[in-house]
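Scroll down for the structure; my scribbles are underneath it.
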Amino acid sequence: MSLYALQKLLYELNRDPRVQEQFVADRDALLARFRLTGEEADAIRNDDIGMLYILGVNGQILMHFAAWRGLAWDEYIQAMKDALTKHGQVRGGIYAAVDGGEGGAL
Amino acid sequence: MSLVFAGIMSHGPGMRARADRADPAVRDPFFATLERLRERLEEARPDALMVVAAEHFANFFMNNMPAYCIGMAEDYEGPIEDPGWLRIPRRTIPGNADLSRRIIRKVMDRADVAYAEEWKFDHGIMVPLSFLTPRFDLPVIPANINCQGPPLTPLGRAYEFGRAVRGACDALPERIALIGTGGISHWPATPNSGKINVDWDREFLARWTRNDRKALTSYTDEETLRDAGQGGFEIRTLVAVAGACEGSTGELWFCEPIPIFATSGFAAVMNLAQETAAKAA
């Protein structure tokens, strides 16, 4: 897993409008700049916020990417809950779910 | 002069972004308490406000992560987040590069710190400023403690960092205010966002108001993760403020869980006058 590279892509995207422009214009060209696994690249390609959460992307990075991709707050929380049910526990990082992902302030 | 004000408060983006969804019975008294905090800050007539924050990948990433960093710019821009999402308009916030440089030089006598001449503020600084300096007109000296990308600085070092900041304040002629911002227990940006361990929060704040160095720095990260979530790692910012006020005790003004803000809303201050009185005696 190349969680570092995946998070770096999203970190740059979150803070740099030029990277956002490239994301919109040619997502594959942007993806090619980072050493990602196929699973990671697919998650970015498909705007799969839930899968990015499972792959271990830090919530403080993913929260803003999710908002930029148009997810309202409740949709973002729900995407993580759904992915947890589908794929199981978070695989890296420090944002693992607790209590089976239950609860929260929806 | 010295340190003229020291306090702590929560900074969750929901305090602005989702304020309309919070229970008014808790939100309104919390926001009224923050008004009181603003008044206390203004009464102290500070020349600058140092904000000890736990930033969230706005400026620093794991390619080159400082454990501690202090800003040294003429001004700063924020929020880095979408202003429509955070509901705080983007603006320029004044800094004071000369004061920053003198603080950093003094802090370095006792602690290692990085500096940054560019810094974009995220919600961790913008949300507190929007309550404490709503006109964004007081020069800000930002300081950051890495609470997101382990390995993290030990709590004892965070307390020492605060002592070093105090040493700098005492050596300079300016009147400096200090605010520490971070969540206590919380599991933000997870499916559990809104989970809060209020007993843990109250126990932590009791240790903070006693300024009990040993108790404040005795949490292991494993215990914090288990009992207070990964968001609990941000107590480093609050521990640093206690360190800056060694010899003083504090007052808890507010602590109630507000799930849509993802944390307890809290505010507390240190009574710096006690320390001055003790020295005079």
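Per the conditions (1) in a loop (DSSP other than H, G, I, E, B); (2) closer than 15 Å to B:VAL165 by Cβ; (3) within 19 Å of the chain's Cα centre (by Cα), the sole criterion not satisfied by B:CYS69 is (1).
Candidates in the range B:54-77 are the residues that are of a type in the set (Gly, Ala, Ser) and either free of Cβ contacts under 8 Å to residues at least 40 places away in the same chain or within 12 Å of another protein chain (Cβ to nearest Cβ) (or both); of these, the one that is farthest from B:THR181 (Cα to Cα) is B:ALA58.
Among the residues of the range B:94-131, the ones that are touching an Asp or Glu at 6+ places or on another chain (Cβ under 9 Å), part of a helix (DSSP H, G or I) and within 29 Å of B:GLY84 (Cβ to Cβ) come to 5 in all.
Taking the range B:212-231 as the range and being under 20 Å from the mean Cα position of the chain (by Cα) and over 11 Å from B:LEU155 (Cβ atoms) as the test, the residues that pass are B:ASP212, B:LEU225, B:ALA228, B:GLY229, B:GLN230, B:GLY231. Number of residues in the range B:228-281 that are among the hydroxyl-bearing types (Ser, Thr, Tyr) and free of Cβ contacts under 8 Å to residues at least 24 places away in the same chain: the value is 1. The residues on offer are B:VAL51, B:VAL107, B:VAL113, and the sole one that is among the β-branched types (Val, Ile, Thr), in contact with a Leu (Cβ under 8 Å, 6 or more places away or on another chain), more than 14 Å from chain A (Cβ to nearest Cβ) and buried (at least 16 other Cβ atoms within 10 Å of the Cβ) is B:VAL51.
Determine if the range B:247-264 includes at least one residue that is within 17 Å of the chain's Cα centre (by Cα), part of a strand (DSSP E or B), of a type in the set (Gly, Ala, Ser) and surrounded by 22 or more Cβ atoms within 10 Å (Cβ to Cβ). Scanning the range B:247-264, I find at least one residue that is within 17 Å of the chain's Cα centre (by Cα), part of a strand (DSSP E or B), of a type in the set (Gly, Ala, Ser) and surrounded by 22 or more Cβ atoms within 10 Å (Cβ to Cβ), so the answer is yes. Among the residues of the range A:41-64, is there at least one that is more than 8 Å from every other protein chain (Cβ to nearest Cβ), surrounded by fewer than 22 Cβ atoms within 10 Å (Cβ to Cβ), in contact (Cβ under 8 Å) with a residue 24 or more places away in the chain and closer than 29 Å to B:GLU77 by Cβ? No, the conditions are met nowhere in the range A:41-64.
Values quoted throughout were computed directly from the atomic coordinates according to the rules given, and no laboratory measurement underlies them. As the structure is a prediction and not an experimental result, all values here were calculated from the model. A quick note on method: Cβ atoms are made from the backbone with ideal geometry, for glycine too, and the neighbour counts reach across all protein chains shown.
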